[in-house]
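*Asks:* Got a structure for you, questions after.
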Amino acid sequence: DTRTGAELAKTMAHDGSKAQRCLWHKRRNVIITSGFTNRQHRQIKLWDATNLATPTHIEEIDQQSAVMMPILDEDTNLLYLAGKGDGSIMYYELKETGGMVRASAYSTSIPQKGVCMMPKLSLIHI
């Protein structure tokens, strides 16, 4: 709680020692974490924001070494996963029932240095 400085909840998201990322899907009150297992497999977990005891969904992605940069589009319920130095971007659809399913992927031979979202209003050509 930022008003009091008190810790409301905490959990160990991923067992791996590499960097982890966290997103909040505010419309569904779901926390999405990306990180590594103790065997260095890349992993995504979905958490109910009111109960961090256990994840509601776990998805092992692959065994690449690149740290994943997750980006969430709440309007389409799509989660984009890009890895620094990786040549692919994976798309996952967040289901209404609480899980997620792989939608598609984009691959290139050029490694990514970073990724960001662009406002949808900027893409409309009148």
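*Asks:* Just give me the residues in region 76-90 being assigned to a loop (DSSP other than H, G, I, E, B) and either open to solvent by less than 60 Å² (accessible area, probe 1.4 Å) or touching a helix residue (DSSP H, G or I) at 6+ places or on another chain (Cβ under 7 Å) (or both), in sequence order.
*Replies:* Asn77, Gly85, Asp86, Gly87
*Asks:* For Glu93, indicate whether it is in a strand (DSSP E or B), open to solvent by 30 Å² or more (accessible area, probe 1.4 Å) and not hydrophobic (A, V, I, L, M, F, W, C).
*Replies:* yes
*Asks:* Might you check whether a residue that is surrounded by 13 or more Cβ atoms within 10 Å (Cβ to Cβ), of a type in the set (Gly, Ala, Ser) and in a strand (DSSP E or B) occurs anywhere in region 57-72?
*Replies:* no
*Asks:* Of all residues in region 77-103, how many are more than 18 Å from Gln63 (Cα to Cα) and within 15 Å of the chain's Cα centre (by Cα)?
*Replies:* Of the residues in that region, 11 qualify.
*Asks:* Please tell me if Ser34 is at pLDDT 90 or above, in contact with a strand residue (DSSP E or B) (Cβ under 8 Å, 6 or more places away or on another chain) and surrounded by fewer than 15 Cβ atoms within 10 Å (Cβ to Cβ).
*Replies:* Taking the combined requirement at face value, the residue does not satisfy it.
*Asks:* Name the residues in region 13-56 that are more than 16 Å from Asn77 (Cα to Cα), in a strand (DSSP E or B) and touching a His at 6+ places or on another chain (Cβ under 7 Å), would you?
*Replies:* Across region 13-56, the qualifying residues are Gly35, Phe36, Gln43.
*Asks:* In addition: Among the residues of region 61-112, write down those that are out of contact with any Phe, Trp or Tyr (no Cβ under 6 Å at 6 or more places or on another chain) and among the β-branched types (Val, Ile, Thr).
*Replies:* Ile61, Val67, Thr76, Thr97, Val101, Thr108, Ile110, listed by residue number.
*Asks:* One residue is enough: does region 31-46 have a residue meeting the conditions under 29 Å from Leu8 (Cβ atoms) and aromatic (Phe, Trp, Tyr)?
*Replies:* Start the filter on region 31-46 by keeping residues that are under 29 Å from Leu8 (Cβ atoms), which leaves 31-38, 42-46.
Right, trim to aromatic (Phe, Trp, Tyr) and you get 36.
Within region 31-46 (the criterion being under 29 Å from Leu8 (Cβ atoms) and aromatic (Phe, Trp, Tyr)), the answer is yes, since at least one residue qualifies.
*Asks:* Any chance region 39-47 includes a residue that's among the aliphatic types (A, V, I, L, M) and either touching a residue at least 60 places away in the same chain (Cβ under 8 Å) or open to solvent by 20 Å² or more (accessible area, probe 1.4 Å) (or both)? Quick ask: steps written out before the conclusion?
*Replies:* Initially, region 39-47 is screened for residues among the aliphatic types (A, V, I, L, M), giving 44, 46.
With either touching a residue at least 60 places away in the same chain (Cβ under 8 Å) or open to solvent by 20 Å² or more (accessible area, probe 1.4 Å) (or both) added as a condition, the list becomes none.
No, because not a single residue in region 39-47 is among the aliphatic types (A, V, I, L, M) and either touching a residue at least 60 places away in the same chain (Cβ under 8 Å) or open to solvent by 20 Å² or more (accessible area, probe 1.4 Å) (or both).
*Asks:* State which residue is farthest from Trp47 (Cα to Cα) when the search covers only region 96-126 and only residues that are assigned to a loop (DSSP other than H, G, I, E, B) and open to solvent by less than 40 Å² (accessible area, probe 1.4 Å).
*Replies:* Gln112
The values are calculated or read from the model by the stated rules, or taken from the named source; none is laboratory data. Remember, it's a predicted structure, so these values are computed and weren't measured experimentally. When we count neighbours, we look across all protein chains shown, and the Cβ atoms used for this are built from the backbone with ideal geometry, even at glycine. With ligands, DNA and RNA removed, areas are computed over all heavy atoms of the protein, side chains included. Shrake-Rupley method; radii C 1.70, N 1.55, O 1.52, S 1.80 Å.
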